[in-house]
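Here the structure comes first, spelled out in structure tokens, and everything after it is commentary.
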Amino acid sequence: MTAESTNSGTSLYKTDARTKRRNASEARFRIYGMAAVGFGVLALIVLLTSVLGTGLGAFRQTFLTMPVALDAATLDKKGNRDPAEMAKVTTIGYQKILEKALIAELTEQKLIPEGMSAKDVGGLISKEAPAQLRNKVLANPELVGQTITFRALANGRIDGYFKGRVTMESAALDSNVSPAQLELADKMRAANLLGLSFNWGFIFDPDASELRPEAAGLGVAILGSLYMMIIVLVLSLPLGVAASIYLEEFAPTNRWTDLIEVNIANLAAVPSIVFGILGLAVFINFANMPQSSPLVGGLVLTLMTLPTIIIATRAALKAVPPSIKDAALGVGASKTQTVFHHVLPLAMPGILTGTIIGLAQALGETAPLLLIGMVAFVRDYPGAPPEGFLDPASALPVQVYNFTQRADPAFIERASGAIIVLLVFLLTMNILAIILRRRFERRW
Amino acid sequence: MSLGILSLIVAALAAAGFFLGRRFALAKVAGDARRLHSLPGYYGQTVFLFTAVPAFLVLGLWLLIQPIVIENRVAGTIAPADIPEGSSVGLVMSDVRRIADGIERVVSEGRMTEPELAAHDDIRGELASAGVALGNDVRPSVVEAARNYRDLSPASSLAMSGLVLALALAGMAFALRRISPDFRARNVSETFVRYLLIAASTVAILTTVGIVLSLVFETVHFFRLYSADKFFFNTVWNPQFRGGSDLGIWPLLWGTMYVSLIALLVSVPVGIFAAIYLAEYASKRVRAVAKPMIEILAGIPTIVYGLFALITVGPMLRDFFAQPMGIGSSSSSVMTAGLVMGIMLIPFVSSLSDDIINAVPQSLRDGSYGLGATQSETVKQVILPAALPGIVGAILLAASRAIGETMIVVLGAGAAAKMSLNPFDAMTTVTVKIVSQLTGDTEFASPETLVAFALGLTLFVFTLGLNVLALYIVRKYREQYE
């Protein structure tokens, strides 16, 4: 207490200036803290809503539904329904059929605006639709000669119009779409010829070219990511568990073990792109493994995930109480038997949780995969394992990156949609980890 | 024999070995397991290990070495005169592989037999029809090399299958012969398993060795083509495809440091204050909600942050700050990348700091309160000084993350290498340039590609230094409380 405050004779009930200042500083400090927490939470919310907001559109797609007469005279000139013969008709032939079908349908409903060319009307249909129709016919030649109801993808710009990405003003400046086409699309929507519905193709179809955002899908990327996760799981779980058992239970404390420990701690903090350089130099240039194959990606991600798994496994092994080991050793089990029969089963839930979290990390990793050629444009699904592990494939996060590098703004929606798929996978894995932990974790 | 079938056969042999070993041991003592040294299963396990492990080891090694040996043998047959001007053995070898691939395809389609094709005048046109397009004229020695290559591959894989199977059988026979009632099967198999564990734990070391070797090797290669002082002291980064590039590292380092600085300016105060609030002030309920929410930020893949920078933060900063203030018109900027990276780093700072603040014993707080300090005074004058080494460690780790982060800067910071003070300018970083120099069609002999390895080494050294420093500080200055 200073002399001033004791001698002034003020009441204890009245706070003096210094206390006020201290209290104000206390309140300020508290507010800073709250603001910091609030900023973190707000950032998370803004991040997620921005991605969800742009990405949800990718799951709905504009389709044209119309009857299509599959004219036998053009599609199967010899009339023997032999797919090898019919494959000679290219997508251009099918495009004409689709265009004709659309015009016929529109004329019947009296929707065709005056002075609009057949080409402009056909422009409403995606360039990908003829290829899809062709595949459908080649897979089932009996369809030729019949009239089927075909659901054709609409052009990306038309799709963008219904999702608010394309407006009449922007269409007037765009060489790919005209306001007249948009008006026609509006009318067709009112006539139920065209509408938005759930887009399974986004999840199962392969990527499409730069000019056809409406057809781009994630099928190859999801399969590639799945293959890589299988490789990571098969390699990193046994290796990681074996390494941790040795370090935690058997290793003597000497220079060599110390070196290994320091190494693992460091590897956990090495930037992921450095692992990509390693993969490029060792697996691709030195061992001549095929570029952009899930095998190389899986190996690189395995090396990246190992430290995570080792750290988690060692924590789980450490958590098993020594009394269990002592009891096992006491009844005559050998050291190896103690570890494999008693310690390891009890640590298993912790190990699995750590493994799943490691896998989730590997699933979202992008940078190293860019360096080993995963950015390549891949349209063919990789084959069945084990040979399929050597086929070129894509990966989910890399596909997001690929989408962002393309000019058409429709790909931004696709990229966000791909992120939603990625986040759903990550969420599932993390929930699985939490459930495992809740279910099997034991407190000693 | 395909790889899958070979591995399946070895696995089946090993499984058979297990049962044989067990039966053998029991047969030796006429079914009385008490007279055996170990449990019968251990005799089986020993046979299993001796059958499977050496065979798979050799299989793996062979697969790793086979391409290298074949390449060398084939490359030796190509006369130096047949390597065109400005090309290299590596490029010719890639032609060889593609020709071999093309011959394979032509032959398998049954259009021509192999000798016919090799004698053919227009091998190039024939290969092109099989979907293998070759650049310039194919020289006879290259075709010869390709045929050699094609002949060697099946021969080698046949030899491999034979060796692996022989090894598996030999291991099995060896182990089976040793079985007797006195054979210490448990000890043998446990020692074997222990060596396997040791081998697994050296993978970490091999990875580090692989990283260092591949970086150093290619960096040395780079410095042979491009002078080191130009790399370290030039302030211009301007790679050209036709050679004569300027590859100074300074603009990239500047961009990296600038982005990391902004990221730390965002994440350090927010992270530390959040940690303090959660540890000292927040009620249990707030903590239970807010702490996981902040930690989710650490689990989100960086590509998501990158996209967030690209589509939300970048345009927002440009429209509301940079353009009205007239200081920039690009949506990718140091500010964009720094801000988003700062958000990503918040949990790295806050979780570690939170743990460390919680580790400060309650008695220190009680002592401070007893002297009449307010809560914030206690935090500032007692808890933070006690927790400082740990917090500094956390900040250093966050800095190392920031320097090595790739996707956020690839999508958020831009690609223009320049040294500017304006945070709303697009700049580029070391990691962005590693990605851009190593993706796409690049040949491995040019300094423009190899510079990525020198950049990678720089990055590795920087982050390693920061990590080691962080660990050192945390260990050295950690307060030991009871």
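The values are calculated or read from the model by the stated rules, or taken from the named source; none is laboratory data. Just so it is clear, the model here is predicted, and its values are computed rather than measured. A quick note on method: Cβ atoms are made from the backbone with ideal geometry, for glycine too, and the neighbour counts reach across all protein chains shown.
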Subset tally (residues that are in a helix (DSSP H, G or I) and either closer than 19 Å to A:GLU26 by Cα or β-branched (Val, Ile, Thr) (or both)) for region B:351-363 | 2
Can you run down the residue pairs with Cβ atoms below 7 Å, 6 or more apart or on separate chains, where the first is in region A:270-297 and facing chain B (nearest Cβ under 9 Å) and among the β-branched types (Val, Ile, Thr) and the partner is buried (at least 23 other Cβ atoms within 10 Å of the Cβ) and assigned to a loop (DSSP other than H, G, I, E, B)?
-> A:ILE273/B:THR406
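How many residues are under 16 Å from A:VAL400 (Cβ atoms), in a loop (DSSP other than H, G, I, E, B) and aliphatic (A, V, I, L, M) if we restrict to region A:362-376?
The first filter runs over region A:362-376 and keeps only residues under 16 Å from A:VAL400 (Cβ atoms), leaving A:362-370, A:374-376.
Imposing the further condition that a residue be in a loop (DSSP other than H, G, I, E, B) reduces the set to A:365-366, A:374-376.
Keeping just the survivors that are aliphatic (A, V, I, L, M) gives A:374-376.
Matching residues across region A:362-376 total 3.
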Quick check, is A:ARG28 modelled with pLDDT of 90 or more, within 25 Å of B:SER267 (Cβ to Cβ), exposed (fewer than 12 other Cβ atoms within 10 Å of the Cβ) and out of contact with any Lys or Arg (no Cβ under 9 Å at 6 or more places or on another chain)?
-> yes
Filtered residues of region B:177-205 (kept if within 14 Å of chain A (Cβ to nearest Cβ) and aliphatic (A, V, I, L, M)) = B:ALA185, B:VAL188, B:VAL193, B:LEU196, B:LEU197, B:ILE198, B:ALA199, B:ALA200, B:VAL203, B:ALA204, B:ILE205
Which residues, taken from region A:206-221, are of a type outside the set (A, V, I, L, M, F, W, C) and within 14 Å of the chain's Cα centre (by Cα)?
-> A:PRO206, A:ASP207, A:GLY217, A:GLY219
Quick one: is B:ARG242 of a type in the set (Lys, Arg) and part of a helix (DSSP H, G or I)?
-> no
Do any helices (runs of 4 or more DSSP H) entirely within region B:374-482 hold 3 or more residues that are within 25 Å of B:SER332 (Cβ to Cβ), and if so, which?
-> B:384-404, B:407-412, B:430-438, B:447-477
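Here is a yes/no grid of residues against (1) charged (D, E, K, R); (2) within 14 Å of chain B (Cβ to nearest Cβ):
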{"residue": "A:LEU317", "(1), (2)": "no, yes"}
{"residue": "A:PRO321", "(1), (2)": "no, no"}
{"residue": "A:ILE324", "(1), (2)": "no, no"}
{"residue": "A:VAL331", "(1), (2)": "no, no"}
{"residue": "A:LYS335", "(1), (2)": "yes, yes"}
{"residue": "A:THR355", "(1), (2)": "no, no"}
{"residue": "A:ALA360", "(1), (2)": "no, yes"}
{"residue": "A:MET374", "(1), (2)": "no, yes"}
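Hey, does region B:212-235 have a residue that's closer than 30 Å to A:PRO252 by Cα and in a helix (DSSP H, G or I)? Talk me through it step by step, then tell me what you get.
To start, the set of residues in region B:212-235 that are closer than 30 Å to A:PRO252 by Cα comprises B:212-213.
Add one more test, that the residue is in a helix (DSSP H, G or I), and what stays is B:212-213.
Within region B:212-235, one or more residues are closer than 30 Å to A:PRO252 by Cα and in a helix (DSSP H, G or I).
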In this structure, is A:THR305 touching a residue at least 60 places away in the same chain (Cβ under 8 Å) and either within 14 Å of another protein chain (Cβ to nearest Cβ) or buried (at least 24 other Cβ atoms within 10 Å of the Cβ) (or both)?
-> yes
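Mind counting the residues in region A:401-410 that are closer than 12 Å to A:THR54 by Cβ and within 11 Å of chain B (Cβ to nearest Cβ)? Walk me through it before giving the result.
Going residue by residue through region A:401-410, those that are closer than 12 Å to A:THR54 by Cβ are A:403-404, A:409-410.
The next check asks that each one be within 11 Å of chain B (Cβ to nearest Cβ); those that pass are A:403-404, A:409.
Counting residues in region A:401-410 that are closer than 12 Å to A:THR54 by Cβ and within 11 Å of chain B (Cβ to nearest Cβ) gives 3.
Here is a yes/no grid of residues against (1) surrounded by fewer than 19 Cβ atoms within 10 Å (Cβ to Cβ); (2) more than 11 Å from chain A (Cβ to nearest Cβ); (3) among the small types (Gly, Ala, Ser):
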| position | (1), (2), (3) |
| --- | --- |
| B:ALA175 | no, yes, yes |
| B:ALA228 | yes, yes, yes |
| B:THR235 | yes, yes, no |
| B:ASN238 | yes, yes, no |
May I ask you to list pairs of residues, at least six apart or on different chains, whose Cβ atoms are under 8 Å apart, with the first in region A:180-209 being outside the structural domain of A:PRO67 (by TED's automatic domain parsing) and over 14 Å from A:PHE63 (Cβ atoms) and the second being hydroxyl-bearing (Ser, Thr, Tyr) and surrounded by fewer than 19 Cβ atoms within 10 Å (Cβ to Cβ)?
-> A:PRO206/A:TYR381
State all residues of region A:108-135 that are at pLDDT below 85 and loosely packed, with under 15 Cβ neighbours inside 10 Å; if no residue qualifies, say none.
-> A:GLU108, A:GLN109, A:LYS110, A:PRO113, A:GLU114, A:GLY115, A:SER117, A:ALA118, A:LYS119
If you scan region B:423-472, which residues turn out to be at the interface with another protein chain (Cβ under 9 Å from one of its Cβ atoms) and of a type in the set (Ser, Thr, Tyr)?
-> B:THR431, B:THR439, B:THR463
Some residue of region B:404-419 being within 14 Å of another protein chain (Cβ to nearest Cβ), small (Gly, Ala, Ser) and surrounded by fewer than 22 Cβ atoms within 10 Å (Cβ to Cβ) = yes
Please find, within region A:13-45, the residue that is nearest to the other protein chains (Cβ to nearest Cβ) out of those that are out of contact with any Ser or Thr (no Cβ under 7 Å at 6 or more places or on another chain) and of a type in the set (Ser, Thr, Tyr).
-> A:TYR32
Cross-chain or 6+ apart pairs with Cβ under 6 Å, region B:1-30 first and surrounded by fewer than 17 Cβ atoms within 10 Å (Cβ to Cβ), then among the basic types (Lys, Arg) and outside any helix (DSSP H, G or I) | none
Residue check, A:ALA393 out of contact with any strand residue (DSSP E or B) (no Cβ under 9 Å at 6 or more places or on another chain), within 11 Å of another protein chain (Cβ to nearest Cβ) and under 21 Å from A:GLN361 (Cα atoms) = no
Every listed condition ((1) free of Cβ contacts under 8 Å to residues at least 12 places away in the same chain; (2) crowded, with 22+ Cβ neighbours inside 10 Å) holds for A:TRP256 save (2)
Scanning for something farther than 16 Å from A:THR149 by Cα, touching a Pro at 6+ places or on another chain (Cβ under 8 Å) and within 14 Å of chain B (Cβ to nearest Cβ), does region A:72-84 turn up at least one residue?
-> no
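Of the residues A:GLY383, A:GLY388, which is assigned by TED's automatic domain parsing to the domain that holds A:SER293, at pLDDT below 90 and not in a helix (DSSP H, G or I)?
Numbers: A:GLY388 fails: not in a helix (DSSP H, G or I).
Exactly one of A:GLY383, A:GLY388 is assigned by TED's automatic domain parsing to the domain that holds A:SER293, at pLDDT below 90 and not in a helix (DSSP H, G or I), namely A:GLY383.
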Kindly check whether there is at least one residue in region B:333-351 that is surrounded by fewer than 23 Cβ atoms within 10 Å (Cβ to Cβ), away from chain A (no Cβ under 12 Å) and among the polar types (S, T, N, Q).
-> no
Considering each of A:LEU106, A:LEU98, A:LEU52, A:LEU48 in turn, give the residue that is more than 9 Å from chain B (Cβ to nearest Cβ), under 30 Å from B:VAL289 (Cα atoms) and part of a helix (DSSP H, G or I).
-> A:LEU52
